[in-house]
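Here is the structure we will look at, set down as structure tokens.
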Amino acid sequence: MIRDIERFKRTTYDILVIGGGINGAAIAHLAAKRGMKVALLEKGDFASGTSSKSTKLIHGGIRYLENLEVDLVYESLKERHIQLTAAPHLVKPLPFVIPVYEGDKRPLWMMQFGVFLYDLLAGRYRVKPRKNLTREEVVRLEPGIEQKGLKGGVLYYDAQMDDARLCLENVLMADHYGAHVANYAKVVSFVKENGRVAGVKAKDMLGSQEFEVRAKRVICAAGPWTNELLRLDIPGARKKVRTTKGIHIVYKGEISKHAILIGSQSDRRIFFVIPWMGNSLIGTTDTDYIASPDAVKVEKEDMDYLIRESKRVFPALDFSPAKILATFAGLRPLIRKGGSARKVSRKHLFYGSKSGVLFVVGGKYTTYRKVAEDCLNHIHKIYEKEEFKVYGSGATPETAEVAAARSGLEREVIQSLMDLYGARYQDVLKLVEKDPVLKEKVLATPPVIKAQFVYSVETEMARTVEDITDRRLSLIFRGPVSASTLAAISAVLPKK
Ligand SMILES: Cc1cc2nc3c(=O)[nH]c(=O)nc-3n(C[C@H](O)[C@H](O)[C@H](O)COP(=O)(O)OP(=O)(O)OC[C@H]3O[C@@H](n4cnc5c(N)ncnc54)[C@H](O)[C@@H]3O)c2cc1C
């Protein structure tokens with residue numbers, strides 16, 4: 001993927017997409033696939049907004065059943081199936097256990113009935129059948145769990161993903177179909193002719209030049225920044241997006257073998273403790289947020305809430321600083337409506353401004369493909385069914401053993417490349433063939449080799465150390481990144 005700012009100045013695009021989060025990436029991907037001339041501009045790195053701060057679940061969202069959003073859950077379960085099929089390297093089935101205690105806001109029968117409905121809605125898209133659990137069965141599955149007051153539980157299945165990479169693989173697909181894409185390119189104003197939008201002015205955040213990009217249609221998929229862009233188009237416009245904050249804690253070590261759904265006893269929220277890259281992801285919260293999206297951060301009270309509720313179910317947990325590997329905060333860009341934050345719908349809609357900018361509002365990660373399809377159909381409906389693929393889709397042509405023998409790399413290294421890049425692991429192997437020095441292992445389990453840093457820069461448009469540590473390879477979820485790893489990354493980055 002080439003980052004060439006000059007070519008944006010030379011082309012008039014059919015569609016210009018603002019925002020390289022999952023929605024913008026997928027819109028650019030599907031539009032380019034439909035043969036349109038597409039530009040995608042992202043002010044930071046791809047997925048640096050909400051799309052790398054999620055709970056990393058591709059799920060129907062069992063809790064939305066409580067809000068009677070049956071259509072949203074059904075749609076999401078169908079999308080879960082599409083993502084599990086298209087991107088098996090990035091989206092994987094995950095078993096969940098719901099332990100139910102005396103004093104919980106939702107009794108055992110309600111949880112069991114909810115999961116029954118969830119499976120019923122999934123129908124042929126079900127991952128695996130659910131199971132009601134006795135108290136003893138819950139303890140057998142998760143011995144670390146609090147036993148006092150435990151009534152029983154439910155086992156069910158959903159899916160876990162790598163959110164930053166799934167977004168990136170949609171950007172790579174856009175590029176593959178001929179879209180021009182750039183990270184670190186911020187839209188600073190709209191260009192208008194006779195009151196109609198004719199393009200944007202953007203700023204190269206790695207250089208300093210401003211440049212104009214012209215397009216017949218402009219689509220704004222700026223997530224939590226939507227209100228800002230809306231006001232660039234219509235000064236003083238009423239907000240369309242309600243931003244609610246969610247935080248996560250990355251806890252050292254695996255707390256549980258299954259993802260655990262915990263119903264908070266202090267409010268009606270639910271949150272998860274999830275096995276993630278050898279460690280555990282705890283989250284999330286849901287509180288209104290009105291300051292600048294650029295300033296969102298984890299506050300002490302967010303942490304206290306998750307720590308208090310997690311310790312209720314896992315009393316042995318030690319939340320001393322050495323056990324907390326990372327924390328992160330993100331903002332949900334929801335349709336603006338009143339009422340409690342957790343009850344706001346995760347549905348999506350489109351708002352067309354007078355000048356012709358189309359704003360994407362709402363949605364959840366799971367439904368991103370449908371958001372992109374609906375968005376393009378909003379402009380020009382096509383009726384044939386589109387097969388959905390991401391960059392690493394497709395079967396690997398050889399086993400890890402065969403690829404290991406061929407390349408001289410360890411089987412574990414090959415397996416980890418296959419897990420991360422899907423069928424594209426071969427592109428990383430080609431780098432190793434050209435320069436055997438790149439075989440060098442930088443991290444042990446799961447292994448990371450130097451070639452992956454080069455691949456991040458040459459193929460995946462990484463431009464800063466964080467692009468690689470936080471999103472291309474998610475190293476920050478595995479513990480502190482060593483000085484030698486940081487130096488090895490810096491060495492391959494393009495010189496400014
Ligand atoms: C805590 C939390 C947990 C969640 N967990 C889940 C989950 O487990 N499963 C699920 O399905 N959903 C989940 N969601 C929802 C999901 O993550 C979001 O709906 C989705 O990521 C939103 O994507 P987006 O592309 O709309 O926004 P973003 O990812 O924020 O993308 C918008 C992009 O626009 C860019 N941008 C802004 N202004 C400009 C500009 N002027 N010029 C150029 N670019 C600009 C930003 O830099 C940003 O990258 C969660 C959300 C949160 C907050």
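The values are calculated or read from the model by the stated rules, or taken from the named source; none is laboratory data. A quick note: this is a predicted structure, and the numbers were derived from the prediction, not measured. Positions of Cβ are generated from backbone atoms using ideal geometry, with glycine treated the same way; all protein chains shown enter the neighbour counts. These area figures cover heavy atoms from the full protein model, side chains too; ligands, DNA and RNA do not enter into them. Shrake-Rupley method; radii C 1.70, N 1.55, O 1.52, S 1.80 Å.
Of the listed peptides 100-108, 114-122, what is their order by residue-averaged count of other C-beta atoms within 10 Å, with the highest listed first?
Per-residue mean Cβ counts within 10 Å order the peptides as 114-122, 100-108.
Ratio to report: Rg/Rh of region 132-226, with Cα atoms as the point set and Rh obtained by the Kirkwood method; give two decimals. Show your work: numbers first, answer last.
Working: Rg = 24.7 Å, Rh = 18.4 Å.
Result: Rg/Rh = 1.34.
Can you tell which of C375, I98, M303 lies farthest toward the positive end of the dipole of the chain, using +1 and -1 charges on the Cβ of basic and acidic side chains (Lys, Arg; Asp, Glu)?
Looking along the dipole axis, the top candidate is C375.
Can you give the charge dipole size of the chain about its Cα centre, rounded to the nearest 20 debye, using +1 on the beta carbon of Lys and Arg and -1 on the beta carbon of Asp and Glu? Display every interim value, and only then the final one.
On the way: 78 positive and 58 negative charges, 249 e Å.
Roughly 1200 debye, rounded to the nearest 20.
Under a Cβ-only charge scheme (Lys and Arg +1, Asp and Glu -1), can you give me the dipole magnitude of region 195-290 about the Cα centre, in debye to the nearest 20? Write down the numbers at each step before the final one.
Details: 16 positive and 9 negative charges, 87 e Å.
Here region 195-290 has a charge dipole of around 420 debye.
For E386, project a label point 7 Å along Cα to C-beta. Then give me every residue of region 25-60 with its amide nitrogen under 15 Å of that point.
Under 15 Å, as judged by backbone N against the label point of E386, lie 25-40 of region 25-60.
From the residues V428, M1, V200, which one has its Cα farthest along the dipole of the chain in the positive direction, the dipole being from +1 and -1 charges on Cβ of Lys/Arg and Asp/Glu about the Cα centre?
V200
Quick one: which of 77-87, 402-412 comes out on top by average Cβ neighbours within 10 Å, and what's the full order, highest first?
On the way: 77-87: 20.5, 402-412: 15.7.
Most protected by this proxy first, the peptides run 77-87, 402-412.
Only sites in a loop by DSSP and with at most 13 other Cβ atoms within 10 Å count here; which trypsin sites (Lys or Arg not before Pro) in region 113-154 make the cut?
Details: sites: R124, R126, R130, K131, R135, R140, K148, K151; in loops: R126, R130, K148.
Taking region 113-154 and a limit of 13 other Cβ atoms within 10 Å, the loop trypsin sites (Lys or Arg not before Pro) found are K148.
Would you mind counting up the charge near T243? Only other residues with Cβ under 13 Å from its Cβ, with Lys and Arg at +1 and Asp and Glu at -1. If you can, show how the numbers build up before the last one.
On the way: positive: K53, K239, K240, R242, K245, R332, R336, K337; negative: E228, D286, D288, D294.
Cβ neighbours under 13 Å give a net charge of +4.
Accessible area per residue, 1.4 Å probe, Å², for the chain: what's the number?
Numbers: 20520 Å² over 496 residues.
Value for the chain: 41 Å² per residue.
For region 212-357, what is Rg from Cα atoms divided by 2.2 N^0.38 Å, rounded to two decimals?
On the way: Rg = 18.6 Å, N = 146, 2.2 N^0.38 = 14.6 Å.
Normalised Rg, Cα atoms only: 1.27.
Determine the calculated [θ] at 222 nm for the chain from helices alone, applying -39500 (n - 2.57) to every DSSP H run no shorter than 4 residues and normalising by the residue count; nearest 500 deg cm²/dmol. Could the numbers behind the result be given before it?
On the way: 14 runs with 153 residues, N = 496.
One gets -9500 deg cm²/dmol as the mean residue ellipticity at 222 nm.
Report ³J(HN,Hα) in whole Hz for each residue of region 465-474, in order, from the Karplus equation J = 6.51 cos²θ - 1.76 cosθ + 1.60 where θ = phi - 60°; Gly and Pro get x.
Result, rounded to whole Hz: 4, 5, 3, 8, 5, 9, 10, 5, 10, 6.
What does the charge add up to near K441, with Lys and Arg as +1, Asp and Glu as -1, over the other residues with Cβ less than 9 Å from its Cβ?
On the way: positive: K439, K450; negative: E410, E440.
For residues surrounding K441, the net value is 0.
Using only the alpha-carbon atoms of the chain as identical scatterers, what base-10 log of I(q)/I(0) does the Debye formula give at q = 0.07, 0.11, 0.13 Å⁻¹?
Debye output, listed in q order: -0.37, -0.95, -1.32.
Within a Cβ distance under 11 Å of E75, other residues only, what is the Lys/Arg minus Asp/Glu net charge? If you can, show how the numbers build up before the last one.
Values: positive: K78, R80, R346, K347, K364, R369, K370; negative: E69, D71, E79, D374.
Net charge in that neighbourhood comes out at +3.
Would you work out what percent of the accessible area of region 400-492, with all protein chains in place, is carbon or sulfur (probe 1.4 Å)?
Values: 2170 of 3900 Å².
Using a 1.4 Å probe with all protein chains present, region 400-492 comes out at 56 percent carbon and sulfur.
What FRET efficiency comes out for the pair M205/R135, r = Cβ-Cβ distance, R0 = 60 Å, nearest 0.05? Show your work: numbers first, answer last.
Details: r = 55 Å, r/R0 = 0.92.
According to the calculation, E is roughly 0.65.
Calculate what fraction, in whole %, of the accessible area of region 311-371 sits on carbon and sulfur atoms when a 1.4 Å probe is rolled over the protein chains. Show your work: numbers first, answer last.
Details: 1350 of 2420 Å².
After summing per-atom areas, the C and S share lands at 56 percent.
Rounded to the nearest 0.05, what FRET efficiency is calculated for A237 and E66 with R0 set to 30 Å and r the Cβ-Cβ distance? Walk me through the numbers on the way to the answer.
Details: r = 33 Å, r/R0 = 1.10.
For R0 = 30 Å, the calculated efficiency reads 0.35.
With +1 on the Cβ of every Lys and Arg and -1 on the Cβ of every Asp and Glu, and nothing else charged, how large is the dipole of region 400-492 about its Cα centre, in debye rounded to the nearest 20? Spell out each step's value before the answer.
Numbers: 12 positive and 13 negative charges, 12 e Å.
For region 400-492, the charge dipole is close to 60 debye.
Using a Cα-Cα cut-off of under 20 Å, which lysines could be cross-linked to K33, ignoring same-chain neighbours fewer than 8 residues away?
Within the straight-line limit of under 20 Å, K33 reaches these lysines: K216, K370, K381, K385, K389.
By per-residue mean of other Cβ atoms within 10 Å, what is the highest-first order of 21-30, 286-295, 355-364? Before the final figure, lay out the partial values.
Numbers: 21-30: 30.1, 286-295: 13.6, 355-364: 22.6.
Peptide ranking by packing, descending: 21-30, 355-364, 286-295.
Taking the alpha-carbon distance from K239 and a cut-off under 20 Å, which aspartates and glutamates remain once sequence neighbours fewer than 8 residues away in the same chain are dropped?
Counting by Cα, and skipping residues close in sequence, K239 has these aspartates and glutamates nearby: E228, D286, D288, D294.
Report the trypsin sites (Lys or Arg not before Pro) located in region 228-314 that are in a DSSP loop and have at most 11 other Cβ atoms inside 10 Å of their Cβ, or state none. Please list the in-between numbers first.
Working: sites: R231, R238, K239, K240, R242, K245, K252, K257, R268, R269, K297, K300, R308, K311, R312; in loops: R238, K239, K240, K252, K257, R268, R269, K297.
Passing sites in region 228-314 are R238, K297.
What nm value, rounded to one decimal, do you get for the distance between H378 and E254 when each label is placed 7 Å out toward the C-beta?
Those two pseudo-labels are separated by 4.2 nm.
Using the membrane-span-like helix rule (whole DSSP H runs, Cα extent along the own axis of at least 18 Å, mean Kyte-Doolittle hydropathy at least -1.0), which helices of the chain qualify?
Values: long enough: 70-86 (24 Å, -0.14); 108-122 (21 Å, 1.40); 163-176 (20 Å, 0.14); 300-313 (20 Å, -1.32).
Taking the DSSP H segments of the chain (at least 18 Å long, mean hydropathy at least -1.0), we get 70-86, 108-122, 163-176.
Could you work out how far apart the two model spin labels at L493 and D427 are, taking each label as a point 7 Å from the Cα in the direction of the beta carbon, and quote it in nm?
Label-label distance for L493 and D427, simple model: 2.2 nm.
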